[in-house]
Amino acid sequence: MSRLIIVSNRVAVPDAGSKAVAAGGLAVALKEAFTAYKGLWFGWSGKITDTPSSEPVIADRGRVQYAVMDLSPQDHREYYSGFANRALWPIMHYRLGLAAFSRADYAGYQRVNRIFAQALAGLIEPGDLIWVHDYHLIPLASELRGLGVSNPIGYFHHIPWPSGEVFNTLPASTELLRAVSDYDLIGLQTDSDVHNLSRNLVDELRAIPLGGGSLMVDGRRTRIRSFPIGIDVDGFRQAAERAGMNRTVRDTVAGLRTRKLLIGVDRLDYSKGVPERMEAVERFFASNPDQRGNVVFLQIAPKSRTEVPEYEQLSRDVNEVLGNINGSLGEPSWTPIQYVTKAYPRAVLAGLYRAARVGVVTPMRDGMNLVAKEYVAAQSDDDPGVLVLSKFAGAARQLPEALLVNPYDRFEVAEAIRAALYMPKAERVERWKPMFERMAREDVDWWARSYLAELEGFRTIEREPPAA
Ligand code: ADQ
């Protein structure tokens, strides 16, 4: 059985004695892949230590081995909080005004990628497939190739890839384009991401399209294709069916009495459009005064990246918008927007989605957005709720039967909320069914399987030895 090496920024090592793959997005996504391959999972341990070792700490957990590295405070500041989350993240999400570029951060980003490559290279065996995840690690393939690694190396980019006009505002843009084209296979979420990156490689690096998504860049061949990530549809659906027994779900439903529930669930991130969504809900109540007291909007948004100043500002903005809306519209007997910042187990989220008549998923820009898919998966087939979905989420391509909206237009979002609340059951079923069926076909196992089948095809490529 050959080995699959997964590399991701953050690696959660399961407790000793546990044979399970650790919980969390990517871990769930790769569960099936680890039944077809022996696994090695490499990345940052999540720990920050003053003098991190250059050797990874290895832990064996059933069929998956974990190899994790600590970061120094400077590495963490420059590589993670700095370049990845204050330069790449805003630029990839089209938020030029929020980007902060510093040469020190970029140098830290390159340094950590080099340190990771040096540590990982010693663990790679002939026959291993290497699959790298996300924007923290774009230069990893170049570093590995420089160390003589000739195995197939693939990359999956979980967030949007913007057009050249936006991407090229990054001072390091050309180097990053060169670095990403060192991967054999570049997986993106949507065809428009594929178009943006391919076009930019042609414009900036004079890449030559070879057909079928392949391009020749500086004498090397790379392939760029979309692989929209899915969810564990069956698991989610079953969790939603059982969730009525869960205390938090039961208490929430009982507390609603006859009120209808709108729900939003997001990491607190400016890409997710949380304050803009609250303003759209305010707009809805302003234009539909008869619905005051009859509808409640529940926003669940655990804080994330709190060390990054733009996220602290966002948190203050949300509190202000929320306070103003609840203060001006609320009554002693009714709070229009309920806001909680806790993370909940999947079973609770599934139950809350099912209890909600409308899922309001309105990111300003999103690679995919799994919450949209989870909301659809959690609905009952005889009385499903309605998804209001931003057309700027990658998920909109696979869920065209949702009520698609422009999240910048709070009037349009408010009207969609109204249409969703008044939608007759027959239309709700008619919209929900094809979305559910498509998601069930294109679930998370389908995603991992399709990507890996394509990456397997790069085993036979002859590679030049690295320049001395
Ligand atoms: P994220 O930006 O994290 O992912 P998303 O796809 O919505 O965004 O996934 C968030 C996950 O966190 C969902 O599974 C959701 O259930 C969970 N979650 C959110 N709030 C929670 C809470 N309060 N408690 C518990 N769980 C919560 C990035 C990209 C996305 C892309 C994914 C996967 O930004 O566009 O869809 O990777 O590729």
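Nothing in this text is a laboratory measurement; each read-out follows from the coordinates by a stated rule. This is a predicted model, so every value here is computed, not measured. Methodologically, a virtual Cβ is constructed for each residue, glycine included, from the backbone with ideal geometry; neighbour enumeration extends over all protein chains shown.
Observations, loosely collected:
- Among the listed pairs Lys47/Lys303; Lys303/Lys433; Lys38/Lys373; Lys38/Lys391, those beyond 27 Å (Cα-Cα): Lys303/Lys433; Lys38/Lys373; Lys38/Lys391
- A simple packing score, the average count of other Cβ atoms within 10 Å per residue, orders the peptides 86-93, 148-155, 440-447 as 86-93, 148-155, 440-447, with the highest score first.
- Dimensions (Å) - region 345-386, Cα atoms, principal axes, largest first: 31, 23, 13
- For the pair region 435-450 and region 24-63, the centres of their Cα atoms are 25 angstrom apart.
- Model label points for Ser328 and Arg206, set 7 angstrom from Cα along the Cα-to-Cβ axis, are 5.8 nm apart.
- Euclidean distance between Cα centres, region 268-322 to region 374-426, Å: 18 Å
- Net charge of Cβ neighbours under 11 Å - reference Pro363; Lys, Arg +1; Asp, Glu -1: +1
- Ordering Asn324, Gln238, Ile124 by Cα displacement along the dipole of the chain toward the positive end leaves Gln238 in first place; charges were set at the Cβ atoms of Lys, Arg (+1) and Asp, Glu (-1).
- The label-point distance for Ser315 and Gln338, in a model that sets each label 7 Å from Cα toward Cβ, rounds to 2.3 nm.
- Using the alpha carbons alone, the radius of gyration of region 251-389 stands to its Kirkwood radius in an Rg to Rh ratio of 0.95.
- Lys/Arg +1, Asp/Glu -1 at C-beta; the chain dipole; positive extreme among Leu40, Ala355, Gln65: Ala355
- In plain terms, the chain from Asn406 to Ala121 could stretch by 98.1 nm, reckoned as 0.36 nm per residue minus the Cα-Cα distance.
- Prolate/oblate/rounded call for region 301-376, Cα gyration tensor, a/c under 1.5 rounded: oblate
- Applying a DSSP loop filter and a limit of 16 other Cβ atoms within 10 Å to the trypsin sites (Lys or Arg not before Pro) in region 401-433 leaves nothing.
- Restricting region 185-260 to trypsin sites (Lys or Arg not before Pro) in coil, as DSSP defines it, with at most 16 other Cβ within 10 Å: Arg206, Arg257, Arg259
- Summed side-chain charge close to Asp234 - residues other than Asp234 whose Cβ falls under 11 Å, Lys, Arg +1, Asp, Glu -1: -3
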